[in-house]
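Read through the structure below, which is laid out as structure tokens, and then see the notes.
The numbers here are math on the coordinates, done by the rules we state, and not lab data. None of these values were measured; they are calculated from a predicted model. Virtual Cβ from ideal backbone geometry, glycine too; neighbours counted across all protein chains shown.
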Amino acid sequence: MSATITSIAHYLPPDVYPNSYFEKYLETTDEWIQTRSGIKERRFAKEGATSDLIIPAALECIEKRGIDKNEIDTILVATVTPDHMFPNTAAVVQHKLGIKNCWGFDISAACSGFVFAIVTAASLVNSGVSKRVLLCGADKMSSIVNFNDRGQAILFGDGAGVCLIEKSDDDNYGILDQILYIDGAGGQYLKQVAGGSYKPASIESVQNNEHYIYQDGQSVFKAAVIGMADVSVEIMKKNNLTSDDIAWLVPHQANLRIISATADRMGIGKDKVMVNIDKYGNTTAATIPICLSEWHENEKIKKGDNIILASFGAGFTWGAAYLKWNMNKGE
């Protein structure tokens, strides 16, 4: 049997920050931001950690499924903004939810985190190691963004998407295939310089702003346009899918131009592409599950829909997953 999503929910902080917020102290305009990214506004959490974004979404997800929380045996958290370097955020989430007799871990693959994690969760379920996985994609990007840097301050937001992964009753539904890649040569273009064992925190690293995101925007953009589009076309060909077969492309929400380039390569019209970057910005590991949750909640996804998830992120990491949706709203 194949693993499938059986419930999904998301959470976004209530505080909205429109582009005009940045005009007050950065040399930028709403037009400049929208033209280059497609973003109109984003959400920032004023307090709390990444786990605090996950908990409301997790509770809603479990309630929708109608199960006891202790039926969950595994927790996976995809994030680059963990509450702590250790313990892992999966353990923090387990403790806050009060789930007993489970295990779990974090997955760090930046913007590809959710795609890598859903493949991992499906493998655990398909192998029999896990029966029910609580899969969380969440990031509090405001905790590592340099708000004095126009190139990154405007791009990111905070949010969480959570789903349950279980075995499907029908092998024709669920997470059916994946293609994943990493290339460490790209690490120089998008990274957090300090804070790890390579460069531990120091007065100098703080003064040099090395605990914020470092990004060579042009290099990352060029690689993302190629990588995300290529892997999306590759998974279509591998599964003999045409653009007509695909109901939805769910791309990582980093930049509207990257999203458009991917859809064009796949031969998919805008009406088949999930886009909410205009409202939330780049929430990193949360972008794809937030899209899926919103579209499911609004009954835009139907049981049996062919869906392609596609992502590209720091590492470089990139990949695509092919799934056939297995539920209607209310199920």
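Each Lys and Arg Cβ is given +1 and each Asp and Glu Cβ -1; about its Cα centre, region 174-324 then shows a dipole of about 120 debye. Lysine pair count for region 134-264 (Cα-Cα distance under 30 Å; residues 8 or more apart in sequence or on different chains): 10. Placing unit charges on each Cβ (+1 for Lys and Arg, -1 for Asp and Glu) gives region 3-167 a dipole about its Cα centre, and among L164, I55, H10 the Cα reaching farthest toward its positive end belongs to L164.
Per the Kirkwood formula applied to alpha carbons, region 174-324 shows a radius of gyration over Rh ratio, Rg over Rh, of 1.04. Near A91: Cβ cut-off under 12 Å, other residues only, Lys/Arg at +1 and Asp/Glu at -1. The net charge is -1. The antiparallel fraction among DSSP beta bridges confined to the chain stands at about 70%.
Dipole magnitude for region 92-191: about 440 debye, using +1 per Lys or Arg Cβ and -1 per Asp or Glu Cβ, origin at the Cα centre. R257 sits among other residues whose Cβ lies under 14 Å from its own Cβ, and their net charge, with Lys and Arg +1 and Asp and Glu -1, is +2. Around the Cα centre of the chain, unit charges on the Cβ atoms of Lys, Arg, Asp and Glu (plus for the first two, minus for the last two) sum to a dipole of about 120 debye. Neighbours of P82 by Cβ distance under 13 Å: Lys/Arg scored +1, Asp/Glu scored -1, total -3.
Counted as membrane-span-like here are DSSP H helices of the chain whose alpha-carbon atoms extend 30 Å or more along the helix's own axis and whose Kyte-Doolittle mean is 0.0 or above; these are 217-238. Rounded, prolate or oblate for region 87-210? Axes are the square roots of the Cα gyration tensor eigenvalues, ordered a ≥ b ≥ c, and the cut-off for rounded is a/c under 1.5. Because a/c hits 1.5 or more and a/b exceeds b/c, region 87-210 counts as prolate. Note on T50, T4, T35: ascending count of other Cβ atoms within 10 Å places them as T35, T4, T50, the fewest first.
Per-residue ellipticity at 222 nm computed for the chain from its helices equals -9500 deg cm²/dmol, with DSSP H segments shorter than 4 residues left out and the rest contributing -39,500 (n - 2.57).
Working from Cα pairs under 8 Å separated by at least six residues, relative contact order for region 3-167 is 34 percent.
Taking a ≥ b ≥ c as the square roots of the Cα gyration tensor eigenvalues, the chain comes out oblate, since a/c reaches at least 1.5 and a/b does not exceed b/c.
Partners of K24 within straight-line reach, counting aspartates and glutamates whose Cα lies under 18 Å from its Cα and excluding those fewer than 8 residues away in the same chain: D15, E41, D149.
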